[in-house]
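Below is one structure, written out as structure tokens, with a few remarks after it.
The values are calculated or read from the model by the stated rules, or taken from the named source; none is laboratory data. What you are looking at is a predicted structure, and each value in this text was computed from that prediction instead of being measured. Note: ideal-geometry Cβ built from the backbone for every residue, glycine included; neighbour counts use all protein chains shown.
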Amino acid sequence: MSDKNKIFQEHFIVPVGKTGKYTILLAIVCMMLPGLFLFVFHGLLPPFGPLWRSVAAVWSFMIVMGILEPIVYYPILGFGGTYMSFLVGNVLNLRVPVSATVQQVIGTKEGTPEAEIVSTLGIAGSLVASQLVMIVGVLVFLPFINRIQGSGQAVEVALNQVLPALFGALGGIFLFKVPKLGIIPLGLAFLVALLKDDLPYSVIIPPMVILSIVTARVMYKKGWVKGGGMM
């Protein structure tokens, strides 16, 4: 192991891993506190039947996504970025585009310590910025939310297209460089959209990401695309 990689492991990966584990466990405990407070101090406890059905309905979906999404987005988010992104949220519509964009701007090579650090710094900056924007947005737009929702106005329609626009812009950066990588994933995506256009993004995007990785790997092994200069 080179000195650079040794320093990276000892002074970045190890402390980030410890901090990430503790903060995730603390977040789990904090999420349970409201329910525990209502039970301990007010004696409120939902009936077991409805509670179990609700838990089973949520877990049947979230267990799969909880395993699949960190694996799918880890190559983009990196080690520290994965901890922060899944702790705070907005993974698809903010953290992934931010990570990919900062690596693109800086020009780091994916999978390297430099890319890991750049991604972590970019996502950390997005956490601060998004919280500030959210606070200002809530204070400014709260009086207008009820008017916008269900109105069918252009603002509501535009807000519903934020996530597709982000991924379209992000995908365009790479597809312009290597158009071959988009043939199979985009072709299948168009087919799915024609057959079933009401599927949620959380169902469509992870399989498409896996398909993109697999097809890119096959094309690279076949010599149809080159590995350098992607980021």
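Any residue that is assigned to a helix (DSSP H, G or I), hydroxyl-bearing (Ser, Thr, Tyr), over 20 Å from the mean Cα position of the chain (by Cα) and at pLDDT 90 or above - is there at least one of those in the stretch 50-59? Walk me through it before giving the result.
Filtering the stretch 50-59 down to residues assigned to a helix (DSSP H, G or I) leaves 50-59.
Adding the requirement that they be hydroxyl-bearing (Ser, Thr, Tyr) leaves 54.
Applying the additional criterion that residues be over 20 Å from the mean Cα position of the chain (by Cα) yields 54.
Those still in the list that are at pLDDT 90 or above too: none.
Checking the stretch 50-59: not a single residue is assigned to a helix (DSSP H, G or I), hydroxyl-bearing (Ser, Thr, Tyr), over 20 Å from the mean Cα position of the chain (by Cα) and at pLDDT 90 or above.
Of everything in the stretch 184-225, what is over 20 Å from residue 69 (Cα atoms), touching a residue at least 12 places away in the same chain (Cβ under 8 Å) and surrounded by fewer than 14 Cβ atoms within 10 Å (Cβ to Cβ)? Give them in sequence order.
Residue satisfying the conditions is 224 alone.
In the set 91, 96, which member is under 21 Å from residue 126 (Cα atoms), in contact (Cβ under 8 Å) with a residue 40 or more places away in the chain and β-branched (Val, Ile, Thr)?
Values: 91 fails: in contact (Cβ under 8 Å) with a residue 40 or more places away in the chain.
Among 91, 96, only 96 is under 21 Å from residue 126 (Cα atoms), in contact (Cβ under 8 Å) with a residue 40 or more places away in the chain and β-branched (Val, Ile, Thr).
Against the condition aliphatic (A, V, I, L, M), assigned by TED's automatic domain parsing to the domain that holds residue 176 and surrounded by 15 or more Cβ atoms within 10 Å (Cβ to Cβ), how does residue 94 come out, does it pass? Break it down into steps so the answer makes sense when it comes.
Values: aliphatic (A, V, I, L, M): yes; assigned by TED's automatic domain parsing to the domain that holds residue 176: yes; surrounded by 15 or more Cβ atoms within 10 Å (Cβ to Cβ): yes.
Considered against the rule, which asks whether it is aliphatic (A, V, I, L, M), assigned by TED's automatic domain parsing to the domain that holds residue 176 and surrounded by 15 or more Cβ atoms within 10 Å (Cβ to Cβ), residue 94 comes out as yes.
Out of 24, 76, 28, I need the residue that is touching a residue at least 24 places away in the same chain (Cβ under 8 Å), outside the structural domain of residue 162 (by TED's automatic domain parsing) and either surrounded by fewer than 15 Cβ atoms within 10 Å (Cβ to Cβ) or outside any loop (DSSP other than H, G, I, E, B) (or both). Which one? Full working, then the answer.
Values: 76 fails: outside the structural domain of residue 162 (by TED's automatic domain parsing); 28 fails: touching a residue at least 24 places away in the same chain (Cβ under 8 Å).
Going through 24, 76, 28 in turn, just one is touching a residue at least 24 places away in the same chain (Cβ under 8 Å), outside the structural domain of residue 162 (by TED's automatic domain parsing) and either surrounded by fewer than 15 Cβ atoms within 10 Å (Cβ to Cβ) or outside any loop (DSSP other than H, G, I, E, B) (or both): 24.
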